[in-house]
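Here is the structure we will look at, set down as C-alpha cells.
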Amino acid sequence: MAPGFYVGHSEQFDLRKYNLPLLDYDWNRQQFVAPTLPGRLVPKKQIKYDVALNRNVPSPVCNTSFLDHYIDTGMLEESWQLINNITTIYPGSDVSGGIFLYPRQAMLLVYLVQREVASKVPIGSRLETVKPFRVCETGFGSGHSAALFLSSAPNIELVSFDKFDRPYQSATFSALRSVYGKRLTRVVGDSCNTVKQYKKTCDFLHGSSLCKTDNIDLIAKSPAGATLTSTAMSSLTDKSVYFGKGGQWNTLKKGNCIEDIVCFGEEKRKLSADLYLANGREQTISHQFCFARNTGNCVSERIVASKGQKVASKGQRLSKRRQWRTDDFCNSWMLKTPNIEAN
C-alpha cells in the first residue's frame, strides 16, 4: 500500500536522489497522505517572508535551470516525487501530464506570478498582513502545476477546477493538502459549469482542461490586468480548444477581452506512454504555450461591482496595467502566432 520505490517519467529532474517521502493510508478517507512533509523542516516561528527580497524579481534568462533563482526547487521536486509515488500505484489509469514536461513554461509562470505578487505587496508588509493572491486553474491533473504555483510565494492560494474522477487524483490532492495546507482548495465537477458558478475573483489564470469555455469563463472571473496562460497540446494552429481557428483565444481576442499575447515554444521532451496525452504510445513532443492580459472589457458585472468599478464601455479600459515587454522573455523561445494576433 505504501511503495518504497520511484518509477518516474520526468525528464527535467532526477528525483531519485531525494529521500522518498513515506505514505500513510487513511482508511477513513480511503486516501494516501504524507505523514512527513517535503522540504526543509523549519519551525513556523523561524519562517519569514522577506517582501523586499521578492520586490525586484529578476528577468528570466534563456536557461531553465534559472528556476532555482525564484523558488526552493528542492521542495518542489520532493512534492513532485510525492505525486509520482502515488500515481505509480495506479498503473494504466491514464496519468495526466504535468508542468514538469514544460520547464520553460514552469519558469516563466513562476516569474510572472512573483512579479505580480510583488507589485501588490506594500513595502514593509509582513506575511500575515499580505492579501492572498488567488491562482485559478482548470485541470488538476496529477497536481504538478498546483505544487509549482504554491511554491511560488507564501501568500498564493490555488483553486483547482477538475472532475477528480481519475483514481489517483483525490489521493494526490490530499497529499499536497498535507504539504501546503488550506492554501490548496478544489472545486469538483465539470469545469464548463463550475467555473461559471464560482463566486470568488481569480488573480491569475491557468487554463488546462478540455472544456471549450473554461478560458472564456476564467477571464470573466478575473479583473483587468490578470494574466491568462494556456498550453497548446499540438500547435498554435491546430483545431484545439484554445488556439487555432475557432479556439477560445481567438474568441477572446476578437471580443477585445485579452491583449499583449505572447507565445513560446517548449523544449522537446519524451512523453511516456502511460501519460494521458500520449494516447498509449511513447512519443517526442514539443508543445507551445501562450500568455495574455485580461483587458477588463469582458469582466462580469458582479466582479466589477465588487471592486467598486464601473462597467467598461466598448474599447474602454477599467484600470491601468503594467504591460510586459518582449525583452522580459527569452527571444529565442518566442514564436509567431499566425492565428492569434500577438504583440
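Only the coordinates and a few stated rules stand behind these numbers; no lab work does. Note that this is a predicted model, so its numbers are computed, not measured. Note: ideal-geometry Cβ built from the backbone for every residue, glycine included; neighbour counts use all protein chains shown.
A few points about this structure:
- Per-pair calculated FRET efficiency, R0 = 45 Å: HIS69 and ASN250 via Cβ, rounded to 0.05: 0.80
- Full-extension gain in nm, THR129 to THR326, via 0.36 nm per residue minus C-alpha separation: 67.6 nm
- Here each label is just a point 7 Å from Cα along the line to Cβ, and for LYS196 and LEU210 those points are 2.0 nm apart.
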